[in-house]
Amino acid sequence: MDKSILLPLVQNAALLLALVFLYDAIPKKHQRQYFLLWRLGIGFLIGGIGITIMSSPLIYQPGIIFDTRSVLLCVSGLFFGGLPTFIAMALTAFYRIGIGGSGMWIGVGVIISSGLIGMMWRQYRKAYLADLSAKEIFSFAYLVHIVMLLWFFTLPLDVALPLLMTISLPVLTIYPIATWLLCRLLSRRYESERDEQIRLQDDFLFRSQFNVGNIGIAITDVDQKWIKVNPRLCQMLKYSEDELLHMTWKQLTHPEDIEADVVKFELMLAGKLDNYEMDKRFIAKDDSIVYTHMTVACKRVNNSVLLVIAGYLDVTAQTLADREVLASREQLELVLSSSDLGVWDWDIRRDSIERNARSADMLGCDIDTLNADSRQWMDAIAAEDRPKVLHSIEAHLRGKRRSIGWNIA
């Protein structure tokens, strides 16, 4: 490859870095706040960079010049879109017409095709610009610059063929690399913006849940000391935020739940668990017991736990209600076991049926046999009474209470 051709093209490509510095120089806040003005301004600035690039070209022969405007304009179309690129295309096209020469209209054609390919690639690709792969960038770059070389076939063949034999290899080597480098630098900026946006969204979601959610949340250190607690946790435990921040979670944990929690906590610190959950009781400030379902996770830095975050769902009301139901059921079973009543209890939600020993005695079998054969009680009902029994069950399911009697055969 001729160094007299290679070096000017490399120097020309280096001017493209001005586009990256230009993009970084404009605060993102101003880009959003003055969107139309920013797009107009960036178009004129890209056009200015293009004219600067074109003012120091590789001169193949008078009127036929090479520079990296094709790289600039295709990348502009890809990353900045229509309005800035059209402005840059217009400025560079007028400048190229001003230079004149036999390659004038080829130069204008290269400007138009490079910008349009960039804009079309932006329009029809589905992935986010931060996710540009090297394969995609090089495919894009080769398409732009193969089209650029095809423009030279508008010259007489005795001029075009020697020119293409001389310039094709440098162009298809340097220009795609320059395109890849410029795209990577700009896509990194897009990636940083996306990461910042995701961070802001995550921060907003965390803060909104932390401050107004119905789950108690606490951030603790490895020494079990609360670093930050949300209002819901203060409400659950009936302590102020300042009081909780001067305590450890172990101090408020129910004595019977401390060991299980500490064991899992230590396993997480040792790296054997990333998170864990368990039912846990706290002792509130008024000595009442708060029943919670706890989920714990941690943030690690260099394989060491830096912070621990725990979420607490208050299940006190549900737990106490379940206990009352269980106590009532146990009392009922105690009463029934001391009476002469056979009991058949169908839990529709769980689709489970329970009978007592007396009902088995009445049917002439043991309780295990009765539980194993769900139809035994129905078969024991006299044939003429079975329709009444089935109708009474259907009526009860519709909300109509019925009390009937039947005979056991």
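Nothing in this text is a laboratory measurement; each read-out follows from the coordinates by a stated rule. Being a predicted model, the structure only gives us computed values, none of them experimental. Positions of Cβ are backbone-derived with ideal geometry, glycine not excepted, and every protein chain shown enters the neighbour counts.
The residues 140, 86, when put in order of fewest to most other Cβ atoms within 10 Å, stand as 86, 140.
Each residue of region 217-230 was assigned a 3J(HN,Hα) from its phi angle through the Karplus expression (A = 6.51, B = -1.76, C = 1.60, θ = phi - 60°), giving 10, 9, 10, 10, 9, 6, 8, 6, 8, 6, 9, 8, 10, 9 Hz with x at Gly and Pro. You can think of it this way: the chain between residue 277 and residue 321 has 13.6 nm of extra reach, that is 0.36 nm per residue less the Cα-Cα gap. Here 110, 290 are placed in order of increasing Cβ neighbour count within 10 Å, fewest first, which gives 290, 110. Each of 147, 308, 301, 75 was scored by other Cβ atoms within 10 Å of its Cβ. Arranged with the fewest first, they read 301, 147, 308, 75. As a ratio to 2.2 N^0.38 Å, the alpha-carbon radius of gyration for region 265-311 is 1.38.
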